[in-house]
Amino acid sequence: PRVCVVGSGPAGFYTAQHILKHHGGAQVDIYEKLPVPFGLVRFGVAPDHPEVKNVINAFTQTARSERCAYYGNVTVGRDVTVAELRQAYHAVVLSYGAEDNRVLGIPGENLSGVYSAREFVGWYNGLPENRDLKPDLSCETALILGHGNVALDIARILLSPLSLLRKTDITDGSLAALACSKVKRVWLAGRRGPLQVAFTIKELREMINLPGARPVLNPADFTGLENAVKDAPRPRKRLTELMIKTALEKPGEKTLEAQAAAPREWGLKFQRSPQEVLPTADGRRARGIRMALTRLEGSGDSAKAIPTGDVEELDCGLVLSSIGYRSLPLDPSVPFDTQRGIIPNSSGRVEGVPGLYCSGWVKRGPTGVIITTMNDSFDTAQSVLEDLQVGALDMSTSREGFGAVESILHSRGVRPVSFSDWEKIDAAEVARGKAAGKPREKIVDPQEMLRLIGH
């Protein structure tokens with residue numbers, strides 16, 4: 001069987017890995033719109049979290065298998081359609097992730113100084129489409145809307161000492177911009193309360209221990225919460241206990257000295273829902289934000305934030321909205337639920353389209369960490385394997401796979417990038433990084449990548 005996977009992030013690679021491992025004859029081709037592979041492992045994971053990127057080693061093993069091929073620089077839906085892929089392969093798996101962000105839908109969100117978390121993360125991680133972002137970091141106070149790990153990542157990058165960032169694979173341009181940054185205070189605001197935050201304890205602990213930055217948590221937000229979390233699941237309980245401890249504990253002398261000397265600070269604001277980004281006098285830039293104060297109805301993860309009618313204004317010249325990523329429809333021939341931002345499916349089988357599957361964020365929505373995506377992708381791969389086993393996929397006709405796609409791409413003037421091409425780009429990045437004392441210096445211009453491999 002010839003199987004094609006669209007998207008080379010964790011979902012795509014884990015799907016390919018599982019099919020290759022459990023079917024001795026399957027051939028899997030992976031298509032990717034960028035010249036370079038690995039999706040959010042390369043462009044989403046924070047530069048100071050290199051251990052999370054170790055999965056790249058396993059993905060590289062998969063890509064080097066003689067039954068797997070990688071074709072970068074191919075945009076499915078434009079260079080080749082899903083219908084054409086379905087003609088060329090026995091099964092097609094869509095694993096292209098979430099390439100857009102949810103919008104706030106409030107006045108002023110298009111002012112200069114307002115950015116989505118997605119584009120800001122893409123900027124410091126070298127995602128080609130965000131390389132020219134040039135965020136204005138000339139203000140003292142930044143506000144991040146959202147209480148997830150991405151929000152904490154951004155706060156950490158904004159407040160980290162340069163000496164720490166210089167040793168990472170953060171891009172040269174963003175390091176230079178952060179070196180001139182005037183931001184010294186970062187607030188993270190969420191619509192709900194401390195019991196509903198979505199970040200995890202590891203990320204929170206890292207933030208609390210960040211050198212040169214002190215946490216500012218309002219004790220009033222945490223009083224009486226010890227009882228409320230007594231019966232909560234362990235991860236939620238430990239996370240809340242750490243916030244309570246940080247907010248309520250009297251710091252020792254040593255901590256006090258360190259905090260007094262800390263030039264930067266960050267804090268969590270709860271039960272605040274953004275209403276409007278306030279413009280400067282000339283109407284061009286953000287100068288602050290108006291937030292509605294909310295009260296919670298219900299408890300736990302299902303609690304809803306209801307506006308109380310009270311509002312509060314906060315001065316900030318930088319607003320980052322970290323309220324989630326969003327998948328987009330790829331091709332008119334593929335069913336898409338615009339409400340939920342996913343492809344309607346059952347265990348990865350796309351509804352009403354036999355032989356078409358999906359995995360990762362486009363299958364279940366943009367939540368979870370790499371391990372969540374791994375299990376989800378194995379689930380989809382299992383559906384493909386079962387369908388092969390019970391004869392649900394038409395194996396009577398041989399499919400040409402890349403042979404058929406290659407002639408289509410050729411006729412449209414598209415030259416795919418192979419995995420060995422990527423390895424040349426990889427080697428060049430690592431060499432450039434070495435010269436600068438970093439693990440790698442990412443190339444951010446796709447044209448430069450293509451020149452490097454002689455395309």
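The values are calculated or read from the model by the stated rules, or taken from the named source; none is laboratory data. All values derive from a computational prediction rather than experimental measurement. Positions of Cβ are generated from backbone atoms using ideal geometry, with glycine treated the same way; all protein chains shown enter the neighbour counts. We work out accessible area using only protein heavy atoms, side chains counted, and drop any ligands, DNA or RNA first. Shrake-Rupley method; radii C 1.70, N 1.55, O 1.52, S 1.80 Å.
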Next item on the list: Would you mind working out the accessible area per residue for region 114-170, using a 1.4 Å probe, and quoting it in Å²?
Entry: 30 Å²
Check: Using 0.36 nm per residue, how much length does the chain from A281 to S420 gain when fully extended, once their Cα-Cα distance is taken away?
Finding: 44.7 nm
Margin query: Under 8 Å for C-alpha pairs, at least 6 residues apart: give me the relative contact order for region 102-323, rounded to a whole percent.
Written below: 31 percent
Next item on the list: Kindly provide the helix-only [θ] at 222 nm of the chain, computed as the sum of -39,500 (n - 2.57) over DSSP H runs of four or more divided by all residues, to the nearest 500 deg cm²/dmol?
Entry: -10000 deg cm²/dmol
Checklist line | lysines whose Cα lies under 24 Å from that of K304, excluding same-chain neighbours fewer than 8 positions away | finding: K230, K237, K269
Notebook entry, point to check: Using a 1.4 Å probe on the protein chains only, how many percent of the accessible area of the chain belongs to carbon and sulfur?
Noted result: 50 percent
Margin query: Give the aspartates and glutamates reachable from K21 as a straight Cα distance under 17 Å; neighbours fewer than 8 places away on the same chain don't count.
Written below: D29, E66, D376, D379, E386, D387
Check: S163 to E312: extension gain in nm, 0.36 nm per residue of separation minus the Cα-Cα distance?
Finding: 50.0 nm
Margin query: Could you sort the peptides 55-66, 40-51 by per-residue average Cβ neighbour count (10 Å cutoff), highest mean leading?
Written below: 40-51, 55-66
Checklist line | Reachable aspartates and glutamates from K167, criterion Cα separation under 20 angstrom, eight or more residues apart if same chain | finding: D48, E51, D153, E203, E206, D426, E429, E441
Next item on the list: Calculate, for region 1-63, the solvent-accessible area per residue in square angstrom, rolling a 1.4 angstrom probe over the heavy atoms of the protein chains.
Entry: 30 Å²
Item checked: Relative contact order of the chain, pairs being alpha-carbon contacts under 8 Å that are 6 or more residues apart, as % -> 24 percent
Checklist line | Within the chain: Cβ-based charge dipole about Cα centre, in debye rounded to nearest 20 (Lys, Arg +1; Asp, Glu -1) | finding: 820 debye
Item checked: Amide H contacts under 5 Å for V5, placed H, 5+ residues apart -> D29, I30, Y31, V93
Item checked: Which listed pairs, of K53/K245; K182/K250; K53/K434; K53/K442, have C-alpha distances above 22 Å, in listed order -> K53/K245; K182/K250
Next item on the list: Please list the equivalent ellipsoid semi-axes of region 102-323, computed as the square roots of five times the alpha-carbon gyration tensor eigenvalues, in descending order and whole angstrom.
Entry: 27, 23, 16
Check: Using 0.36 nm per residue, how much length does the chain from L242 to A436 gain when fully extended, once their Cα-Cα distance is taken away?
Finding: 66.1 nm
Notebook entry, point to check: For region 308-455, what is the accessible area per residue in Å², given a 1.4 Å probe and the full set of protein chains?
Noted result: 50 Å²
Check: Of the beta bridges DSSP finds with both residues in the chain, what % are antiparallel, to the nearest 5?
Finding: 35 percent
Check: Roughly how big is region 102-323's charge dipole about its Cα centre, with Cβ charges of +1 (Lys, Arg) and -1 (Asp, Glu), in debye to the nearest 20?
Finding: 400 debye
Check: Any number yet on Rg/Rh for the chain, C-alpha, Kirkwood?
Finding: 0.99
